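Visitor: Sharing a structure below in structure tokens format, with a few things to ask.
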Amino acid sequence: MDQAAAKNTSMRGSSLALRLFMSATLWTVAILFVTGFVLSSIYRQAVERSYDRRLGVYLRTLVAEVAAPEEATERATQSLGEPLFDLPLSGWYWQVTRLQSAKPEVRSSRSLWDGGLPRLSELNIALGADGTRRSYVDGPEDQHLRLIERAVDLGDDGRYLVSVAGDSSEIDEETRSFDRALVITLGTLIIVILFTTMFQVRFGLAPLKRISESLAAIRAGASERLEGRFPFEIAPLARETNALIDANREIVERARTHVGNLAHALKTPLSVIVNEAAARGEDPLAAKVIEQADIMRDQITRHLERARLSARMTVIGTVTDVLPVVFALARTMEKINHHRGIAIDVDAPTAIRFQGEQPDLEEMVGNLVDNACKWAQSRVSVEVIPESSAPRPVVRIVVDDDGPGLTVAQRVQVTRRGRRLDETKPGSGLGLSIVVDLAALYGGSITLSSAPIGGLRAELVLPAA
């Protein structure tokens, strides 16, 4: 468990809230956009219907006057009651066309001047249920008009086409005015909804964020359980998570107990076998038994050690201060090697923590310092370097000695279990291989190279808290 994973847990909680907020925002904007478009279309249709009713009143008045036999056009102008029909190019026009004559007779409002209105029947505009055609057309001086026309059959008096047109800019201006008000209203509504959604996401998901932060603290070693009160809906999740953490610790403790029991159960019979074989003196069979028993003891030690380390690694949220461990080991090793005059220099920051258990750190650093003291002439250097590198922070522990050092081939050999390059030095040859196994279980590594002070450099990289 490392600090980067804990940070990622917290970031995932924050990103969940952000995704929910963005999703709600996008849906809100999309829905309001569609709503605004629909409302604008409905309002324009309503304005068009109102405008058409106005034009329809003028059209029915003209139709009634056309049906009257005398001076229809003159009376029509007076009865329409709209001065704009007399104002040249005002945008308001009427036109009456007699269709059955060889050359259609056209009478129109003064406002048309010397122009004319197009025929919707010739533009393939469909006939409405009320017997009229209506559409937008281009009028004189490139005016945009709303035109309505109706055919009138007077029998022997002939067929007439009556048209009335009005300036459609009134429709456009009315619609634009409504659209501006609609944009302001919906914009204000979007802002209010966004703030409301942000408030709901921020405070509604606060319990989940607390759980996320608590889990991050557990993974970082700052806490052991989910603490505090949670809402009714979230409380079962917190209880089950705490139960899972407790079950994990119980499993680890049982595993440690079983490993210890197995170690004692196997070592005692092996010791009896070795003692019995040793009592037989030079018997070849006894020598073979002792040899194989030593192999068995080595294998048992190795696999039990790996099981013990794996059990430790399942514990969540364990951290260890590096400085006290390094200084304590340095003082101990100086006392053990005081007769050789070995000086151990330590350079370590105070605020650096290892993401793991203290016994494991002591075992790894202790093996490296012990090995350096065995080979050093007079000096051993231990340096602890924190690094905040991606994807997680690490602590780099560098142990140098001024001994004879090792060749590249020898560095490969000494990390293998049981390999010793000098039988005159004390030890079993398991130290460096244990360090390699432990470091690998924590996701770290160990590298051997030449030390600047002349001997061997062992560089241990471990996850930092």
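Visitor: In the stretch 137-158, what residues are closer than 22 Å to residue 60 by Cα, surrounded by 14 or more Cβ atoms within 10 Å (Cβ to Cβ) and out of contact with any Phe, Trp or Tyr (no Cβ under 8 Å at 6 or more places or on another chain)?
Guide: The answer is 137, 148, 149, 150, 158.
Visitor: What pairs come out if I take residues in the stretch 24-43 that are part of a helix (DSSP H, G or I) and pair them with residues that are surrounded by 14 or more Cβ atoms within 10 Å (Cβ to Cβ) and among the aromatic types (Phe, Trp, Tyr) whose C-beta lies under 6 Å away, six or more apart or interchain?
Guide: Listed by first residue and then by second, the contacts come to 43/178.
Visitor: When residues of the stretch 150-177 are filtered for being acidic (Asp, Glu) and free of Cβ contacts under 8 Å to residues at least 40 places away in the same chain, how many remain?
Guide: Adding up the residues that qualify gives 4.
Visitor: Restricting attention to the stretch 439-454, which residues are farther than 16 Å from residue 364 by Cβ and assigned to a strand (DSSP E or B)?
Guide: 449, 450
Visitor: Here's another thing I want to ask about it. Report, by residue number, each residue of the stretch 194-216 that is under 19 Å from residue 31 (Cβ atoms) and surrounded by 17 or more Cβ atoms within 10 Å (Cβ to Cβ).
Guide: Result: 197, 201.
Visitor: Among (1) part of a loop (DSSP other than H, G, I, E, B); (2) modelled with pLDDT of 90 or more; (3) not hydroxyl-bearing (Ser, Thr, Tyr), where does residue 457 come up short?
Guide: (1)
Visitor: Please tell me if residue 250 is charged (D, E, K, R), surrounded by 12 or more Cβ atoms within 10 Å (Cβ to Cβ) and over 30 Å from residue 21 (Cβ atoms).
Guide: no
Visitor: Within the stretch 153-206, can you find the residues that are in contact with a Lys or Arg (Cβ under 7 Å, 6 or more places away or on another chain) and either closer than 20 Å to residue 46 by Cβ or assigned to a strand (DSSP E or B) (or both)?
Guide: 153, 160, 161, 162, 165, 166, 168, 171, 175, listed by residue number.
Visitor: While we're looking at this one, here's another question. Return the residue satisfying two criteria in turn: it lies in the stretch 19-60 and is in contact with a strand residue (DSSP E or B) (Cβ under 9 Å, 6 or more places away or on another chain) and of a type in the set (Ser, Thr, Tyr), and of such residues it is nearest to residue 157 (Cα to Cα).
Guide: Across the stretch 19-60, the extreme among qualifying residues is 58.
Visitor: Further question on the same structure: So, of the residues in the stretch 177-192 that are surrounded by 13 or more Cβ atoms within 10 Å (Cβ to Cβ) and out of contact with any Ser or Thr (no Cβ under 8 Å at 6 or more places or on another chain), which turns out to be nearest to residue 100 (Cα to Cα)?
Guide: Ranking the qualifying residues of the stretch 177-192, first place goes to 185.
Visitor: Residue by residue through the stretch 192-211, note down the ones that are β-branched (Val, Ile, Thr) and within 19 Å of the chain's Cα centre (by Cα).
Guide: 197, 201, 211
Visitor: Shifting gears a bit: What do you reckon, is residue 14 within 30 Å of residue 157 (Cβ to Cβ), modelled with pLDDT under 70 and surrounded by 12 or more Cβ atoms within 10 Å (Cβ to Cβ)?
Guide: no
Visitor: Here's something else I'd like to know. For residues that are touching a residue at least 60 places away in the same chain (Cβ under 8 Å) and among the small types (Gly, Ala, Ser), scanning just the stretch 373-387, find the one that is surrounded by the fewest Cβ atoms within 10 Å (Cβ to Cβ).
Guide: My answer is 381.
Visitor: Residue 180: closer than 20 Å to residue 57 by Cα and of a type in the set (Lys, Arg), yes or no?
Guide: no
Visitor: While we're on this one: Could you check the stretch 253-295 and list, in sequence order, the residues that are small (Gly, Ala, Ser), more than 30 Å from residue 359 (Cβ to Cβ) and in a helix (DSSP H, G or I)?
Guide: Correct list: 277, 278, 286, 287.
The values are calculated or read from the model by the stated rules, or taken from the named source; none is laboratory data. Just so it is clear, the model here is predicted, and its values are computed rather than measured. Positions of Cβ are generated from backbone atoms using ideal geometry, with glycine treated the same way; all protein chains shown enter the neighbour counts.
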